[in-house]
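The values are calculated or read from the model by the stated rules, or taken from the named source; none is laboratory data. Just so it is clear, the structure is predicted and the values come from calculations on it, not from any experiment. All Cβ positions, glycine included, derive from the backbone under ideal geometry; neighbour counts span all protein chains shown. These accessible areas exclude ligands, DNA and RNA; they are computed on the full protein's heavy atoms, side chains included. Shrake-Rupley method; radii C 1.70, N 1.55, O 1.52, S 1.80 Å.
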Amino acid sequence: MKNFLRSLRYLRPYRVRIAIAVLCVICIASLWAGGLGMMLPGAKILISDEGLHGWAYLSLVNDRMEAKLVGQKTPPGAAIEENGVVRQIDTVVNVVGLKKDGIAQKAGLLASDWIIGVNDGEGLQRLRDDLLIRHLAQLQQGQEVTLSVVRAGSNHPHTITLAMGEAKLASRALGKVAAWIPDPGPVYAKRFNMFLGLLVAVFVITILRGLFTFLQEYFVGTAIWQGIMDLRCDNYNAVLHLPTTFFSEKGVSDATSRFVSDTGELARGQNTLLGKTLVEPAKAVASIFIALYWSWKLTIIALIAGPPAYYFIRRFGKKMHRASKRALESWSSMLGVLAETLQGIRVVKAYTMEGRERKRFFQVNRQLLRQQNRMERLDAATSPTMESLGIVTAIVAAGAAGYLVFNYKMDRDVFLVWMAALFAMFDPVRKLAKVSMRFQASEAAAARIFELQDAPREVIRPLSQKLPRHTRSLEFRNVCYRYPSASVDAVRNVNLKILAGQTVAIVGPNGSGKTTLLSLVPRLLDATSGQVLIDGVDVMDVTLRSLRSQIGLVTQDTVLFHATIAENISYGLRRVDRQTVIEAAQKAFVHEFVQEMPDGYDTIVGEHGATLSGGQKQRISIARAILRDPAIMIFDEAMSQVDSDSEHRIHQAMEGFTKGRTTLVIAHRFATVLSADIIAVMQDGMLVDAGTHKQLLDRCRLYQHLYSTQFIDGGGVSAVRT
């Protein structure tokens, strides 16, 4: 759970809200206990003959005499003989239990004795059981009382004198409540008003508990989503500083899934932690306290279900963690297929591949469904397992409690309340079992989320210096590069020195390492071995900002953002005036088609430049590079999507713009190659030869082959000769 716990630090700034939520949880638990506490008074009012007041009086008497007394009717014909006179008795106070070495036992009372009267200095009084109990309850602590007692097997009463002890706090509180409420007396029908008052109290408790529940869920929810927002921002910042190889290995859709579905799963886990995991244990603890109060021995018996429950929860949790991780990975795969299909929808339709794409989507969707079904199976099995375990334990405890009831060692009303508290205790535990499943799913999501933050970032050496503007040379010295998942180098032992202001065309067959080599200059990739030197300084020893700020990059795959044309051209620069943007656009022949648009430079190009043609997007990308005023220009087949007429005009503009700038060009068109000062020929990651067009034609067989197959057959020569 280390990753899930790690995510909780994002809640620290919102700890005031969490603190308020915790206070609400305490109030909810207290009200829950209060609601359970109302059950016994309700039972006394509705069921018990003694009623609420009789229960309060009896509780005080039992505490003060340290005995267990019960008011009851006598068997038919029960009588006592006193001074030769036989008298019938209808009710007595039966002694059913005594505390060892307690006040009553020391005074001489025995279990099964009948108390039939009291003599407190005003003569012997024969009282009905309820009146006798009330009379004893009204005696003060330390006050002596003489009891008239009939022992089992005898009908001759004798007297026992004892001093009343101190009642417990709960009994004293109950006595004060009873004193505050009018006593309905023995008339059962008069208890209705008391019952209505009890219902009103339950209603108030319910309303208050609902209010605190609302506040608790609101403050928890807002704190969690604020924390998730901060987490997403941190992850976004981490993603921006990851090396490009991370995305080539994991894929963009995988990173997207971690921002969307994984953070949602994590938020649900945090909500569960600060919601049910606080509320349900609090309710369980409140229920346990009430159950312990009425019978701690029976409650301990009920708690033996704890270890088996922990075993099952842990076992289910491990399986849930694995299933959740696989489900999140399947989410990532599904997003990848969906993104590929929608981005390439024109190709899908043109090649009538709807059926194949539908089948591919169905396969990844079915894989996701299998993992989700497994999660549901585990989740569904948790509650029945916990309920069965709880019921078995409750049955054992209830059997023991029943024995006590039928042997007069536990009041039947207390038994009912204890059973209610027991089941009230098991319900939160059952819900907490599902909470464990939620935590395991959230842990899997948190692990994937923090992989982004923990992934190695772009290397920044300590004490990196700021790179001055390039003025002398650009050199590749024994440069090698191998992709992380590859077994051979993509670039091998390349040595090439370029003077400032020179234009170098890099040619070679597909897969020869041209793009990889140029990616080492702005450190989109870092050389596995060797050095890339700018003015004699290793690019690994300079800050990324000072390096990349003086490099202009135009790639074959044009990247435009969902913004205006002006914003796309000025991307990477701050506070650029409109006239400067227009001048760069004119040099790249963007101005001519922008003028025809209703909103001009404020036209939104759409996602990935969807509203523009390939040539228009490429020209905007070139204008962006021009506006940057770089010392080094890199063109990675930048003219591949530009028509011949636009290419010829762009070449004319670039001839003036690239003067005094070091220019690296990857191209398959002869016009681009012929204008270079140096042509570097690559094959299988190695630099085969470098020189002018004439020199390479004379000595390099690979260049001769490229010239005859790509440049001449491609129509590039005629373009130059026009």
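Tabulated data
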read-out	value
All positions within segment 339-368 that are closer than 27 Å to Gly264 by Cβ, open to solvent by 70 Å² or more (accessible area, probe 1.4 Å) and at pLDDT below 75	Glu340, Leu342, Gln343
Residues (aliphatic (A, V, I, L, M) and open to solvent by less than 30 Å² (accessible area, probe 1.4 Å)) located in segment 233-251	Ala238, Val239, Leu242
Selection count, segment 656-677, where residues are open to solvent by 30 Å² or more (accessible area, probe 1.4 Å) and at negative phi	8
Residue match in segment 184-204 (condition: in contact with a helix residue (DSSP H, G or I) (Cβ under 8 Å, 6 or more places away or on another chain) and of a type in the set (S, T, N, Q))	no
Cβ pairs under 6 Å, 6+ apart, first in segment 254-273 and more than 12 Å from Arg448 (Cα to Cα), second open to solvent by 20 Å² or more (accessible area, probe 1.4 Å)	Gly269/Arg438; Gly269/Phe439; Thr272/Arg438
The lone exception for Phe450 - which of (1) open to solvent by less than 30 Å² (accessible area, probe 1.4 Å); (2) of a type outside the set (D, E, K, R); (3) out of contact with any Gly (no Cβ under 7 Å at 6 or more places or on another chain); (4) under 21 Å from Ile634 (Cα atoms) it fails	(4)
Residues located in segment 70-97, provided they are closer than 24 Å to Gly54 by Cβ, part of a loop (DSSP other than H, G, I, E, B) and of a type in the set (Gly, Ala, Ser)	Ala78
Residue that is crowded, with 19+ Cβ neighbours inside 10 Å, of a type outside the set (Phe, Trp, Tyr), modelled with pLDDT of 85 or more and not in a loop (DSSP other than H, G, I, E, B), where the choices are Leu496, Leu474	Leu474
Boolean, Asp254 is in contact with a helix residue (DSSP H, G or I) (Cβ under 6 Å, 6 or more places away or on another chain) and surrounded by 18 or more Cβ atoms within 10 Å (Cβ to Cβ)	yes
Whichever residue in segment 538-566 is more than 36 Å from the chain's Cα centre (by Cα) and charged (D, E, K, R) and, among such residues, is most open to solvent (accessible area, probe 1.4 Å)	Asp557
Selection from segment 527-566 of residues that are in a strand (DSSP E or B) and without any contact (Cβ under 8 Å) to a residue 60 or more places away in the chain	Ser529, Gly530, Gln531, Val532, Asp538, Thr564
Long-range neighbours under 8 Å by Cβ, at least six apart or interchain, first residue under 15 Å from Thr244 (Cα atoms) within segment 442-457, second of a type in the set (Val, Ile, Thr)	Leu452/Val239
Residue match in segment 600-609 (condition: over 47 Å from the mean Cα position of the chain (by Cα) and open to solvent by less than 40 Å² (accessible area, probe 1.4 Å))	no
Complete set of residues in segment 98-144 that are open to solvent by 30 Å² or more (accessible area, probe 1.4 Å), farther than 13 Å from Asn62 by Cα and assigned to a strand (DSSP E or B)	Trp114, Asn119, Leu124, Gln125, Arg126, Glu144
Residue in segment 499-521 that is farthest from Tyr707 (Cα to Cα), counting only those that are in contact with a helix residue (DSSP H, G or I) (Cβ under 9 Å, 6 or more places away or on another chain) and open to solvent by 10 Å² or more (accessible area, probe 1.4 Å)	Ser519
Residues satisfying the stated conditions in segment 567-579, i.e. loosely packed, with under 14 Cβ neighbours inside 10 Å and part of a helix (DSSP H, G or I)	Arg578, Gln579
Only one of Phe214, Phe219, Phe203 that is under 30 Å from Val22 (Cβ atoms) and surrounded by 18 or more Cβ atoms within 10 Å (Cβ to Cβ)	Phe219
Selected residue (criterion: farthest from Val118 (Cα to Cα)) from residues of segment 145-164 that are part of a loop (DSSP other than H, G, I, E, B) and either at pLDDT 90 or above or touching a Gly at 6+ places or on another chain (Cβ under 8 Å) (or both)	Met164
Matching residues, segment 55-85, being without any contact (Cβ under 8 Å) to a residue 60 or more places away in the chain and either out of contact with any helix residue (DSSP H, G or I) (no Cβ under 9 Å at 6 or more places or on another chain) or of a type in the set (Asp, Glu) (or both)	Thr74, Pro75, Pro76, Gly77, Ala78, Asn83, Gly84, Val85
Lone qualifier among Ile89, Ile116, Ile103 - being modelled with pLDDT of 85 or more and farther than 25 Å from Lys176 by Cα	Ile116
Segment 86-97 - residue that is closer than 17 Å to Arg126 by Cβ and in contact with a helix residue (DSSP H, G or I) (Cβ under 8 Å, 6 or more places away or on another chain) and, of those, surrounded by the fewest Cβ atoms within 10 Å (Cβ to Cβ)	Thr91
Failed condition for Thr528, given (1) under 46 Å from the mean Cα position of the chain (by Cα); (2) at pLDDT 90 or above; (3) buried (at least 20 other Cβ atoms within 10 Å of the Cβ)	(3)
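Table: residues versus (1) over 22 Å from Ala676 (Cα atoms); (2) modelled with pLDDT of 85 or more.
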| site | (1), (2) |
| --- | --- |
| Thr543 | yes, yes |
| Ser549 | yes, yes |
| Gln556 | no, no |
| Ile565 | yes, yes |
| Tyr571 | yes, yes |
| Glu583 | yes, yes |
| Asp599 | yes, yes |
| Gly606 | yes, no |
| His648 | no, no |
